[in-house]
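Since the structure comes first, as structure tokens, the remarks are kept for the end.
Since every read-out is calculated from the coordinates, none of them should be taken as a lab result. All figures in this text were calculated on a predicted structure; none of them were measured in a lab. All Cβ positions, glycine included, derive from the backbone under ideal geometry; neighbour counts span all protein chains shown.
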Amino acid sequence: MSTLPILQINNVRLGYKQGRDFKTVVDDFSMQVPAGEIACLLGPSGCGKTTVLRAIAGFEPVYAGRIVLEDQVLSEPDRMVEPEHRRIGMMFQDYALFPHLTVEQNIGFGLRKAKPEQRRQRVDELLALVRLSDLRERYPHELSGGQQQRVALIRSLAPAPRLLLLDEAFSNLDTEIRQKLVVEVRSILKQSGISAILVTHNLEEAQAIADHIGTMKDGRLCAWQRRTQADIAA
Ligand SMILES: Nc1ncnc2c1ncn2[C@@H]1O[C@H](COP(=O)(O)OP(=O)(O)OP(=O)(O)O)[C@@H](O)[C@H]1O
């Protein structure tokens, strides 16, 4: 297993301008995610988890420190790579599928620049990965919640992102479906070798998917636990 970091966040400060004031939300925040591994940020509501993900995605600037993906500096106080140039996939709770596009078209959406044959091949491969090949012609409203989340997952994996961000991606699902899906998503990410960062309130979900669990409190990382395969399978 590789332990080289794919993502490094060093001493980052994040916050929001409010009129003339500035409210610091995350301060002196550092973390590293090794290539191919899954990290989870846990913590109470309002502690800054989503703000960290938004900064990694490029939707929020950093006011101190830096975010580096592979060898590329993505964010520094005077530099910000645009979100569309980061090659980071996102699966957010409210990041719904396009209702007017079929499953196949939804997945192919991020591959518009690929040749039709390549696009078809990639879509086939991804549908097979989540065992939804038979549902390719359906529209999102004709799918169950779990099926929609699987389609959303492979749609975000289609352009081969360097990193996948998942923000409360499973919280709309029933407990039983969520538990199964979380295990399945871990297996898909591992098969694809994609590194991911997940934000959740749910400790069980974190324990079922993550190689590392970071606990946040008041905008700071207060614990970082490296987990073994035995911990995850337990
Ligand atoms: N656009 C914004 N403008 C001003 N303050 C914001 C904005 N977005 C978030 N905040 C504040 O930043 C803090 C951290 O919010 P964030 O959404 O990152 O927390 P979180 O840990 O993800 O919470 P939750 O688990 O409830 O989603 C909160 O106090 C929130 O009110």
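Looking at the chain as a GNM with Cα springs under 10 Å, which of L41, L173, L127 has the largest mean-square fluctuation? Per the Cα network of the chain with a 10 Å cutoff, L173 tops the list. Counting only C-alpha contacts under 8 Å and six or more residues apart, can you give the relative contact order of segment 52-118 as a whole percent? Relative CO of segment 52-118 lands at 21 percent.
How big is the shadow of the Cα convex hull of the chain, averaged over all directions, in nm²? Kindly include the intermediate steps, with their values, before the conclusion.
Numbers: hull surface 54.0 nm².
Averaged projected area of the chain's Cα convex hull equals 13.5 nm².
Using Cα pairs closer than 8 Å and at least 6 residues apart in sequence, work out the relative contact order for the chain, in percent.
Working: 449 pairs, mean separation 62.1, N = 234.
Once divided by the residue count of the chain, the mean separation gives 27 percent.
Of the GluC sites (Glu not before Pro) found in segment 127-234, those in coil by DSSP whose Cβ has at most 14 other Cβ atoms within 10 Å are E137. Restricting the calculation to alpha carbons of segment 102-234 gives Rg and Dmax of 15.9, 49 angstrom.
Loop-located trypsin sites (Lys or Arg not before Pro) across segment 12-65 with a Cβ neighbour count of 15 or fewer within 10 Å are R20, with loop assigned by DSSP. Sorted largest first, the principal axis extents computed over the alpha-carbon atoms of segment 1-78 equal 47, 31, 19 Å. For L165, nonlocal amide neighbours, meaning residues 5 or more places apart or on other chains whose placed amide H falls under 5 Å from its own, are G89, M90, M91, I197.
Note on K49: lysines with a C-alpha under 16 Å away, same-chain residues under 8 apart excluded, are K23, K217. Short to long, the 5 Å bins of the Cα pair-distance histogram for segment 95-160 hold 4, 21, 35, 26, 12, 3, 0 percent of all pairs. For the peptides 191-198, 81-88, residues were scored by their other Cβ atoms within 10 Å and the scores averaged per peptide; the highest-first order is 191-198, 81-88. Taking every alpha-carbon pair under 8 Å whose residues sit at least 6 apart, segment 1-89 reaches a relative contact order of 30 percent. Legend: calculated FRET efficiency, S133 to D71, from the Cβ-Cβ distance at R0 = 41 Å, rounded to 0.05, equals 0.65.
Starting from the Cα of T175, move 7 Å in the Cα-to-Cβ direction to define the label point; list residues of segment 196-210 whose amide nitrogen is under 19 Å from there. Answer for this model: 200-209.
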